[in-house]
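Notes follow once the structure below has been shown.
None of the figures in this text is laboratory data; all of them are computed from the coordinates on show. Predicted model only: the values in this text are computed from it and were never measured. For neighbour counting, all protein chains shown are included, and Cβ atoms are generated from backbone atoms with ideal geometry for every residue, glycine included.
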Amino acid sequence: MKPKDFMWSIVLNGFLGYLWFLFFQNISELTRMWDHFLVKALIFIIGTFLFGEIANRVSPLHEYKWTHPIRIVGAASYLLVVLICWYTK
């Protein structure tokens, strides 16, 4: 494990977390006028699933197992960015 891999994982997953948050904001703005909660939830779930698949394919770190320290650090940075964006909005 190289320090470069840790930094790459932190930066890449942090950026993906920010993109997911922007996606969430845009979907909530677009569906604000709709009254059907089920349709909103379905669009959000499908969009999140597709975003996750694309993010997993783009990342060169996807060959590591979930218990690998680089993947754990990346997931933590992803969640940290999303939580920071959520609470500062």
Note to self: Taking 0.36 nm per residue of sequence separation and subtracting the Cα-Cα distance, how much length would be gained by fully extending the chain between LYS2 and ASN56, in nm to one decimal?
What the structure shows: 17.4 nm
Checklist line | Using alpha-carbon coordinates, inclination of helix 3-30 to the longest axis of the chain, degrees | finding: 0 degrees
Note to self: Let me spell out the model: positive unit charges on the Cβ of Lys and Arg, negative unit charges on the Cβ of Asp and Glu, origin at the Cα centre of the chain. What dipole size does that give, in debye rounded to 20?
What the structure shows: 200 debye
Checklist line | Over the chain, relative contact order from alpha-carbon pairs under 8 Å, at least 6 apart, % | finding: 56 percent
Notebook entry, point to check: Looking at (i) 6.4; (ii) 5.5; (iii) 6.0, which value of mean projected area of the Cα convex hull in nm² comes from a calculation on the structure shown?
Noted result: (i)
Next item on the list: Under 1.5 on a/c is rounded, so check that first for segment 1-52, then, if it is not, pick prolate when a/b is larger than b/c and oblate when it is not; a ≥ b ≥ c are the square roots of the alpha carbon gyration tensor eigenvalues.
Entry: prolate
